[in-house]
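Heads up: the structure comes next, in structure tokens.
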Amino acid sequence: MSRVGVLFTRSGWRGVDSAVGIDTALAALAFEHEVDVAFVGAGVELLVRGDSSDERAQRERMIAALLHHGARSLRASSDCLERRALVPHVSGVEQMPLSALHAWLAGVDHVVCF
Amino acid sequence: MRFSLFIQDSPDSGAAVASALAFAIAVIDAGHAIRQVFFHGDGVRCARPGADADHDLRALTALAARHDIPLLACSSWLEKLGIMPTGPIRAGSLGQWCEALDDSERVVSFRA
């Protein structure tokens, strides 16, 4: 069992990226790896409720479901949220300063970036 | 050290494959090994017929053949994009990538 960090750095405007990342995180969980998820840069925009399109709503549900499926944590950069004046709408998201990202990276064996 | 590479974009959309190739050469030259190269998302376009017209992709597949490195493209994305792989990149599952995690000390992801 490995510790896998899934890092989202892009906004939902490139919807494929977030879908690939969510698929990857779910697969790692299904294979009993430990998964930590983090959102930095434009990736924090994935945590904000936008327009009411089905695709965005589904993505929000899938991100929220990562905790239900066993992800150890969902963390978002408080600096990146603040800079964009955003408040995450996805439940269970812990905020961390960007300065804590190195500790997050050190706590996992592998990082995949989307 | 054993590495696995995770490629998320095709040569058409950026430098992901070129970067992965340069990294793979450096890894092998330094005496390390590559456990698996996995293509996901748009990266599975590397498996479409004719994709090896790209110099970097052709060099990557040749390197993989020389060092017996599995090249796998996510079967779900192949199906989603309507691609039937015919070359050295075979269809594989995210499960095979997940299994490779335990045999790899590091996964490095590449995208455009």
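Here are the numbers for this structure:
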read-out: Per-region count, the range B:35-59, residues away from chain A (no Cβ under 14 Å), out of contact with any Asp or Glu (no Cβ under 9 Å at 6 or more places or on another chain) and hydrophobic (A, V, I, L, M, F, W, C); value: 4
read-out: Residue among A:94, A:32 that is modelled with pLDDT of 90 or more, more than 18 Å from residue A:113 (Cβ to Cβ) and within 14 Å of chain B (Cβ to nearest Cβ); value: A:32
read-out: Failed criterion for residue A:106 (all others in (1) away from chain B (no Cβ under 14 Å); (2) out of contact with any strand residue (DSSP E or B) (no Cβ under 7 Å at 6 or more places or on another chain); (3) under 17 Å from residue A:2 (Cα atoms) hold); value: (1)
read-out: Residue that is of a type in the set (Val, Ile, Thr), under 24 Å from residue A:20 (Cα atoms) and more than 14 Å from chain A (Cβ to nearest Cβ), where the choices are B:17, B:27; value: B:17
read-out: In the range B:23-36, the residues that are surrounded by 15 or more Cβ atoms within 10 Å (Cβ to Cβ), under 14 Å from the mean Cα position of the chain (by Cα) and part of a helix (DSSP H, G or I); value: B:23, B:24
read-out: Residue check, residue A:102 out of contact with any Gly (no Cβ under 9 Å at 6 or more places or on another chain), at pLDDT below 90 and not basic (Lys, Arg); value: no
read-out: Selection within the range A:1-26 - part of a helix (DSSP H, G or I), modelled with pLDDT of 85 or more and surrounded by fewer than 20 Cβ atoms within 10 Å (Cβ to Cβ); value: A:23, A:26
read-out: Selected residue (criterion: farthest from the other protein chains (Cβ to nearest Cβ)) from residues of the range B:90-110 that are in a helix (DSSP H, G or I) and of a type in the set (A, V, I, L, M); value: B:100
read-out: Selection from the range A:67-86 of residues that are over 14 Å from the mean Cα position of the chain (by Cα) and either hydroxyl-bearing (Ser, Thr, Tyr) or at negative phi (or both); value: A:79, A:82, A:83, A:84, A:86
read-out: Close pairs from the range B:73-92: first without any contact (Cβ under 8 Å) to a residue 24 or more places away in the chain, partner part of a loop (DSSP other than H, G, I, E, B), Cβ under 6 Å, at least 6 apart; value: B:75/B:93
read-out: Count of the range B:37-83 residues which are in a strand (DSSP E or B) and in contact with a Gly (Cβ under 8 Å, 6 or more places away or on another chain); value: 4
read-out: Residue selected from the range B:1-14 under the condition part of a loop (DSSP other than H, G, I, E, B) and closer than 16 Å to residue B:73 by Cα, by the criterion nearest to the other protein chains (Cβ to nearest Cβ); value: B:8
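The values are calculated or read from the model by the stated rules, or taken from the named source; none is laboratory data. The model shown is predicted, which means the values in this text are computed figures rather than measured ones. Cβ coordinates were reconstructed from backbone atoms using ideal geometry, including for glycine residues, and neighbour counts include every protein chain displayed.
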